[in-house]
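The values are calculated or read from the model by the stated rules, or taken from the named source; none is laboratory data. These numbers were taken from a predicted model, which means no experiment stands behind them. Positions of Cβ are backbone-derived with ideal geometry, glycine not excepted, and every protein chain shown enters the neighbour counts. Note: areas computed on protein heavy atoms with side chains; ligands, DNA, RNA excluded. Shrake-Rupley method; radii C 1.70, N 1.55, O 1.52, S 1.80 Å.
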Amino acid sequence: MVLVMKLLFLTCLWPTATLHSSHSQHHHLHRRQQLSFSRKHTSKREIKMRKLDSTKVRPLKSEQLLHIEDHDFALRPGFGGSPIPVGIDVQVESIDSISEVDMDFTMTLYLRHYWKDERLSFRSNKNKSMTFDGRLIKKIWVPDVFFVHSKRSFIHDTTVENIMLRVYPDGNVLFSLRITVSAMCFMDFSRFPLDTQNCSLELESYAYNEDDLMLYWKHGNKSLTTDEQISLSQFFIEEFSASSGLAFYSSTGWYNRLFINFALRRHIFFFVLQSYFPAMLMVMLSWVSFWIDRRAVPARVSLGITTVLTMSTIMTGVSASMPQVSYIKAVDVYLWISFLFVFLSVIEYAAVNYLTTIEERKQLKKRGKASGVYMDAVQAMAFDGCFHDTDDMDLSGFSDPCEENETRTSETNISNEEPTRLKKSLKGNVGRIILQNNHVIDSYSRIIFPSVYIVFNFLYWGLYI
């Protein structure tokens, strides 16, 4: 009986459980369909957004597009075959400085390389090139061009490193960079400052000789261009030219070498004002002593010493701004000869002074014997400190002090009575007195010194200009 009752209870509960299970399954299925539809709608929206903003999603990396990982770029293009031609194109931006002391120059330029590397070729429907910055340079092969005889060089890095790499679909490559380089210039100062200096900047491959790399100017003589506004404070830039040649090293062989040649002609006006013109003035100033009375010892000696010291200062200033070369420069010739003229003017007065002293001694001896009183030139000069000619010496004045006092008294009376007449007579006879008191050496020096110096200037400027 109990068994029958349980069977009836289960029979009543079965339809209800079945209905509930069916409803639950239908609900889960509907929810799965909603989730699937939502995911499909979201996926379509993402695909649409990707198509609209393709700049944020890169389909391929540059390494994959250029097949960088598929090749060994430690080897040059066409390794084992003919040498790879590398064209060079240079644009000179500025010549920053020329140093005579260090014998070098500093130049800023744009250096461009052209070559073909088929390993970098890629497909392009529009045949457009791709441009990269310096980050890709380390992953591919580039020419190892360096500057011969360079002292310092650097690649500009403001605001970023000034390097540009452009790759074309057929594998042609343009590699450009902005460089400042300081290189040696072998200068010849034998004609300084009337000189013209020829300098050159030399480019060469460091590792690859002519069997592996052929360096050449891309457009011939037109491969070298310059900025029209290039100017220097001390030089005229006469010309820029491009040339090429070969360099031999005993251990590695022959290398292609390119030359950037430029000629610099120096401005002379600065040196005329600073060196030549002051030297001329000092030489002419030394001639003034020929017109000063030979008895004015302090005046002539001071003038001669002043001009000698001034010439020494000018020569020291010029030498300080020049390299210590072992040969004579053109400016040295002019300054040293000018110094010689100044020095000879001092020696000329020393000769005049000495000969005047000898002459006065002889005349004093003659007068002393004739009058019976002897006084040498040294004793005579002790009274007034000046040399005396024959007409100026009066020995009677030194023999009697009383007569000297009377003479002074009479001279004072005359000067008080006739001052106007005395002044007029002095004004008229100043020139004659100066000429009479000058030595014959002074008279000849007034003509010889200027004449020889003028002839020297004609020869000097005619030779060096």
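A few comments on the model shown:
- For region 84-266, the fraction of 1.4 Å probe accessible surface lying on carbon and sulfur atoms is 46 percent.
- Sequence of Lys218, Lys138, Lys329, Lys128 when ordered by accessible area, the most exposed leading, probe 1.4 angstrom: Lys138, Lys128, Lys218, Lys329
- With R₀ fixed at 22 Å, the C-beta to C-beta distance from Met284 to Ile465 puts the FRET efficiency at about 0.55.
- Backbone N under 11 Å from the Met103 label point (7 Å along Cα→Cβ), restricted to region 326-361: 326-327
- The modelled label-to-label distance between Lys138 and Ser121, using points 7 Å beyond Cα along the C-beta direction, is 3.0 nm.
- Highest mean packing comes first when the peptides 146-152, 178-184 are listed by Cβ atoms within 10 Å, giving 178-184, 146-152.
- For the set Phe248, Phe449, Phe269, Phe105, the ranking by accessible area, highest first and with no ligand, DNA or RNA atoms included, is Phe269, Phe248, Phe449, Phe105 under a 1.4 Å probe.
- Where chymotrypsin sites (Phe, Trp or Tyr not before Pro) fall in DSSP loop in region 148-231, at most 15 other Cβ within 10 Å: Phe186, Tyr206
- The gain in end-to-end length when the Leu309 to Trp336 segment is fully stretched comes to 8.4 nm, 0.36 nm per residue minus the alpha carbon separation.
- Phe270-Leu75 FRET efficiency (beta carbon distance; Förster radius 60 Å; 0.05 resolution): 0.65
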